[in-house]
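Encoded as structure tokens, the structure appears first; notes follow it.
The values are calculated or read from the model by the stated rules, or taken from the named source; none is laboratory data. A quick note: this is a predicted structure, and the numbers were derived from the prediction, not measured. Positions of Cβ are generated from backbone atoms using ideal geometry, with glycine treated the same way; all protein chains shown enter the neighbour counts.
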Amino acid sequence: MSEAKKNIYPGALDESEGLILESIDRFLERDVKPHVHALEKDDIYPIEMVEKMKELGLFGAIIAPEYGGLGLSARTYSRIVERISRVWMSLTGIFNSHLIMCAAVQRFGTEQQKSKFLPKFAAGEVRGGLALTEPDCGTDLQAIRTVAKKDGDSYVINGTKTWISNGIHGSCFALLVKTDPNAQPRHRGISLFLAEKHDGFKVSRKLEKLGYKGIDSAELIFEDYRVPADRLISGTEGSGLKHALAGLELGRINVAARGVGLARAALDESIAYSQVRKTFGKPICEHQAIQIHLANMATRVEAARLLTESAAAAYDRGERCDMEAGMAKLYATEAAVSNTMDAMRVHGGYGYSKEFNLERYYRDAPLLTIGEGTNEIQRLIIARQLIERNPV
Ligand SMILES: Cc1cc2nc3c(=O)[nH]c(=O)nc-3n(C[C@H](O)[C@H](O)[C@H](O)COP(=O)(O)OP(=O)(O)OC[C@H]3O[C@@H](n4cnc5c(N)ncnc54)[C@H](O)[C@@H]3O)c2cc1C
């Protein structure tokens with residue numbers, strides 16, 4: 001019986017969700033599992049998998065059906081992300097940062113922007129991501145230095161963005177800039193543009209990483225890059241930070257789901273390995289020291305999954321859920337870090353081997369504590385919301 005039919009989740013699956021998850025499982029079994037090791041080892045972009053992901057509709061997962069997307073709920077979307085992350089987390093980055101860009105257009109774009117871009121985004125014909133971070137700032141986005149100057153009916157943009165996922169293989173990015181570098185408060189001078197690659201938009205270099213291989217991370221340089229004024233998301237200056245951060249709520253739920261996936265992959269491999277590896281005449285799963293690791297890992301997976309489901313449900317109800325998404329992101333990603341380390345202990349020397357998946361999970365997990373707002377920042381968001389929601 002497939003995982004989708006087994007229904008491992010507390011919330012009932014409706015029929016269409018079950019079918020989608022089954023097709024994801026088939027894709028993972030047939031098209032991903034046999035190839036991950038080779039592509040990851042040589043840090044190769046998975047072109048053929050991207051083609052399959054287009055067919056599955058993943059690039060339009062949360063885009064409304066009227067624009068050609070699947071219109072999935074955050075809950076279904078996060079279940080897809082969890083499943084894929086159990087096999088190869090990098091694949092989720094290829095469509096997730098793209099979908100955050102799509103969410104900004106869908107939520108705040110003008111009618112013209114929606115009808116022009118969303119169908120191409122949904123088909124995966126035009127793919128990209130979010131270009132916020134700069135060499136001097138990631139957390140403090142109000143300190144960005146990329147500037148857009150109005151010039152007739154276009155803007156001229158200069159600046160550098162770094163760590164941009166899909167920077168090489170993508171062709172369109174939600175680009176955060178200052179339209180008024182002197183504005184106070186600073187966020188009033190920040191705007192978000194849809195920036196397509198053409199003259200003045202250069203990929204200066206591919207960035208090498210500890211893990212998260214396969215997906216490209218790049219530095220982008222904008223030199224007198226001219227963009228038509230109608231690419232300013234929402235059509236008005238000064239709301240860019242709000243538009244970019246609104247997408248991050250879903251982004252954080254997605255990162256939490258990646259954490260659940262990795263934490264669970266580490267657990268699953270440990271449960272299996274501990275039953276076949278023997279020491280002192282019995283399988284290591286019969287030693288209490290190993291049982292304690294397994295129990296801790298399984299409990300973290302369950303807690304992480306429930307927090308992620310709960311944040312996704314709040315998002316789907318249209319509620320403010322920055323605290324819920326923050327808790328899910330914080331807990332699930334720390335669970336991924338802890339579980340991959342514990343799984344390495346369970347595997348002994350083999351955990352350190354390039355021939356096992358575990359060392360990949362171990363290299364991928366720390367990224368989750370950094371992306372979509374570091375875990376330090378999640379704690380600040382949670383604490384601020386606790387105070388705001390509980391005034392005395
Ligand atoms: C593989 C990868 C992919 C990425 N993809 C993208 C992408 O597609 N698009 C994009 O725009 N960016 C992307 N990023 C960048 C990522 O979002 C940033 O690295 C992240 O936001 C942190 O910013 P920073 O690295 O500048 O760290 P800094 O902001 O310099 O933070 C350094 C440390 O200080 C802490 N800190 C900072 N401010 C505070 C505070 N007020 N209180 C307490 N602690 C604080 C942080 O938590 C962190 O521990 C990616 C990064 C990586 C590694």
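Couple of notes before you dig in:
- Scope the stretch 158-168; condition in a strand (DSSP E or B) and either on the phi > 0 side of the Ramachandran plot or near the ligand (Cβ under 8 Å from one of its atoms) (or both); matching residues: Gly159, Lys161, Thr162, Trp163, Ile164, Ser165
- Screening the stretch 169-209 for strands (runs of 3 or more DSSP E) wholly inside it with 3 or more residues that are closer than 19 Å to Gln112 by Cα returns the ranges 172-178, 190-196.
- Each residue in the stretch 146-157 was checked for being part of a loop (DSSP other than H, G, I, E, B) and either within 13 Å of the ligand (Cβ to nearest atom) or surrounded by 17 or more Cβ atoms within 10 Å (Cβ to Cβ) (or both), and 1 pass.
- Output for the stretch 179-220, where each listed residue is out of contact with any Gly (no Cβ under 6 Å at 6 or more places or on another chain), surrounded by 16 or more Cβ atoms within 10 Å (Cβ to Cβ) and small (Gly, Ala, Ser): Gly189, Ala195, Gly200, Gly211, Gly214, Ser217
- The number of residues in the stretch 106-143 that are away from the ligand (no atom under 16 Å from the Cβ) and either under 17 Å from Glu372 (Cβ atoms) or not in a loop (DSSP other than H, G, I, E, B) (or both) comes to 15.
- Cβ-Cβ under 7 Å pairs, at least 6 apart or on other chains, the stretch 160-173 side among the aromatic types (Phe, Trp, Tyr), far side near the ligand (Cβ under 7 Å from one of its atoms) and assigned to a loop (DSSP other than H, G, I, E, B): Trp163/Thr133
- Residue within the stretch 251-265 that is surrounded by fewer than 24 Cβ atoms within 10 Å (Cβ to Cβ) and not assigned by TED's automatic domain parsing to the domain that holds Leu192 present: yes
- Residue in the stretch 169-178 that is within 26 Å of Leu99 (Cβ to Cβ), within 15 Å of the ligand (Cβ to nearest atom) and surrounded by fewer than 19 Cβ atoms within 10 Å (Cβ to Cβ) present: yes
- One residue stands out among those in the stretch 93-141 that are surrounded by fewer than 24 Cβ atoms within 10 Å (Cβ to Cβ) and among the polar types (S, T, N, Q): the one that is farthest from Ala229 (Cα to Cα), which is Thr139.
- Take the conditions (1) on the phi > 0 side of the Ramachandran plot; (2) in contact with a strand residue (DSSP E or B) (Cβ under 9 Å, 6 or more places away or on another chain); Gly124 misses just one of them, which is (2).
- Test: Asp43 is closer than 24 Å to Asn357 by Cβ and outside any helix (DSSP H, G or I): yes
- Hey, Tyr352 more than 9 Å from the ligand (Cβ to nearest atom) and closer than 19 Å to Ala304 by Cα or not: no
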